[in-house]
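A short write-up of the structure that comes next.
Where a number appears in this text, it was derived from the coordinates with a stated rule and is not lab data. Quick caveat, the model's predicted, so the values are computed rather than measured. Note that we place each Cβ from the backbone using ideal geometry, even for glycine, and neighbour counts take in every protein chain shown.
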Amino acid sequence: MNRFRFPVFFILFSFLFTFPMMAFADSNENAVSVFQKSSAVQPYFSTAYGYAVFPVVYKGAIIVGGGFGGGKVYKKDAATGTASLAQITVGFQLGGQVFSEIVFFEDERAYNEFTRGGFEFDVNASAVAITAGAQAKAGTMGTTAGASAGPATGTQASNHYRKGMAVFVHTKGGLMFEFSVGGQRFDFKPYK
């Protein structure tokens, strides 16, 4: 049993430390640009009240999983503050992954709910993966995917607002095997 543990931890930490270094230099503008290239996401930029973009989210798991990332929140096209993302999942899962995430706000009510502080997605929230190597539809807390060639290389599922919010994910790299349940929490900090 001990001989098995070391390779598992080595593989997990390889994913967790290799892929974040590849994605570290990504900016909010680069992430938005990638999402704007997706035909599934384009309509949201012209109709949404605002959005939150997380250019790099790191995720890793062995039975219990966790993830974190940081980004900016926009009302129309003006940045209004920063946000942090934290997630926890429990279930059958192993691996590491790096992805970008964008959350669109349909109207002022959804924007205010998100920016009020301590907003959490419930287990039923879902995200659409815009990358070829990812599932067409995945739970916001439990996406599973491999490395991808980009948003224009695969069929994309349609998405719609749920409780005033729509979520899209772009996988950057890693490998995650999971069948899990969990949640995401967002904390907003306005610009002064």
| query | Does segment 78-88 include one or more residues that are more than 25 Å from Pro190 (Cβ to Cβ), within 10 Å of the chain's Cα centre (by Cα) and buried (at least 19 other Cβ atoms within 10 Å of the Cβ)? | reply | no
| said: Given the condition out of contact with any Lys or Arg (no Cβ under 9 Å at 6 or more places or on another chain), within 19 Å of Ala166 (Cα to Cα) and of a type in the set (A, V, I, L, M, F, W, C), answer yes or no: does some residue in segment 79-99 qualify? | reply: no
| message | Just to verify a result, which residue in segment 29-62, among those that are out of contact with any helix residue (DSSP H, G or I) (no Cβ under 7 Å at 6 or more places or on another chain) and not in a helix (DSSP H, G or I), is nearest to Phe177 (Cα to Cα)? | response | Ala61
| request: Within segment 27-52, count every residue that is within 15 Å of the chain's Cα centre (by Cα) and not polar (S, T, N, Q). | output: 7
